[in-house]
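Read through the structure below, which is laid out as structure tokens, and then see the notes.
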Amino acid sequence: MTTDPMKANALRLLDGVSATGDGEYATWPGGSGWLLAEGTWGSSVLTLKIKLANGSAYTVPGILLSANGRVAVNLPKGCLVAATLTGGSPSGLYAWLVATDGFAGGADAFLGNVGGNIAMLTATPTVTAGAYTTGQVVGGKISLAGAARVNGGSGIIQSALVTVKTALTAPYDVLFFSTDPSNSTFTDNAALAVNVADLQSLCGVAHCTEVVSLGTPQALQGPNLALPFKLSAAAQTLYAVIVIRGGQTFASSSAIGLNVNILQN
């Protein structure tokens with residue numbers, strides 16, 4: 001299929017697949033890397049499933065592809081991993097896992113505790129039951145405790161999801177800070193104004209623009225982010241600020257929520 005040396009040394013998950021469903025499980029040595037895929041998608045979506053030593057299996061949150069490309073992963077050491085295709089009519093789809101050093105051929109490439117933990121963090125900020133205009137902060141500054149496994153830890157923000165209780169679809173940006181942006185004042189229902197002294201701790205922005213209808217509620221997703229962060233020596237908390245990028249009127253003070261999926265090192 002390919003002469004790309006990185007792919008040649010990779011763990012192949014799909015080999016010219018032309019049907020939806022689960023691929024075969026293969027052993028991942030552990031740690032961070034890339035999920036790559038290419039072929040004819042036919043509106044299909046590719047996700048990952050892992051199976052741990054205790055037999056439990058689940059879909060890895062925030063990891064999906066729906067077009068040729070790559071997405072960062074960080075998986076538990078020695079887990080079994082398989083690719084899953086859902087929807088559409090794929091044809092000749094290939095998928096690989098490639099370790100960050102470009103070789104997934106054996107466990108000897110990984111020593112010690114390489115992480116691979118998944119943190120699924122949620123918050124329900126208090127918002128104004130009323131109108132918002134584009135560029136305003138929604139809910140103030142949000143603390144996401146447990147973003148890292150240990151003090152001074154690191155990880156990758158894989159996905160962010162803003163949930164709305166009613167059928168409202170304005171897009172959002174979610175700003176992430178590796179340290180408390182205490183030089184700035186983030187006031188709910190007021191214009192965003194980041195102090196220049198806090199720019200060094202801004203580790204990334206999730207553009208939550210992909211609307212998923214859940215019946216009455218809506219979800220606005222920012223998938224495949226791969227935003228790395230490193231916290232300060234005595235901290236396990238990441239900070240977030242939601243900014244609306246359109247006009248919206250909320251019916252209650254608990255109208256929205258924030259879900260963040262993190263691959264912890």
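Just a few scattered comments:
- The set of residues in region 193-217 that are more than 27 Å from residue 165 (Cβ to Cβ) and either part of a strand (DSSP E or B) or in contact with a helix residue (DSSP H, G or I) (Cβ under 6 Å, 6 or more places away or on another chain) (or both) comprises 202, 203.
- Residue in region 142-153 that is surrounded by 20 or more Cβ atoms within 10 Å (Cβ to Cβ) and charged (D, E, K, R) present: no
- Of all residues making up region 9-63, the number that are under 23 Å from the mean Cα position of the chain (by Cα) and either without any contact (Cβ under 8 Å) to a residue 40 or more places away in the chain or not assigned by TED's automatic domain parsing to the domain that holds residue 93 (or both): 10
- Put simply, of 127, 137, 162 the only residue that is within 17 Å of the chain's Cα centre (by Cα), closer than 19 Å to residue 192 by Cα and among the aliphatic types (A, V, I, L, M) is 162.
Matching residues to (1) charged (D, E, K, R); (2) closer than 19 Å to residue 61 by Cα; (3) at pLDDT 90 or above:
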position	(1), (2), (3)
209	no, yes, yes
218	no, yes, yes
221	no, yes, yes
227	no, yes, yes
233	no, no, no
238	no, yes, yes
243	no, no, yes
246	no, no, yes
249	no, no, yes
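- Cβ-Cβ distances below 6 Å connect the following pairs, each with a first residue in region 191-202 that is farther than 18 Å from residue 229 by Cα and modelled with pLDDT of 95 or more, a second residue that is of a type in the set (Gly, Ala, Ser) and part of a loop (DSSP other than H, G, I, E, B), and a separation of six or more residues or different chains: 191/135; 192/135; 194/184; 195/184.
- Close pairs (6 angstrom Cβ cut-off, 6 or more residues apart or separate chains): assigned by TED's automatic domain parsing to the domain that holds residue 142 in region 227-239, hydroxyl-bearing (Ser, Thr, Tyr) and not in a strand (DSSP E or B) anywhere: 229/178; 231/178; 232/179
- Only one entry of 151, 183, 189 meets the criterion of being of a type outside the set (Lys, Arg), in contact with a helix residue (DSSP H, G or I) (Cβ under 7 Å, 6 or more places away or on another chain) and part of a loop (DSSP other than H, G, I, E, B), and that entry is 183.
- When we screen 52, 80, 85 for residues that are touching a strand residue (DSSP E or B) at 6+ places or on another chain (Cβ under 9 Å) and buried (at least 21 other Cβ atoms within 10 Å of the Cβ), the only hit is 85.
The values are calculated or read from the model by the stated rules, or taken from the named source; none is laboratory data. The structure presented is a predicted model; accordingly, all values stated were derived computationally and were not measured. Reconstructed Cβ throughout: ideal geometry from the backbone, glycine too, with neighbour counts over all protein chains shown.
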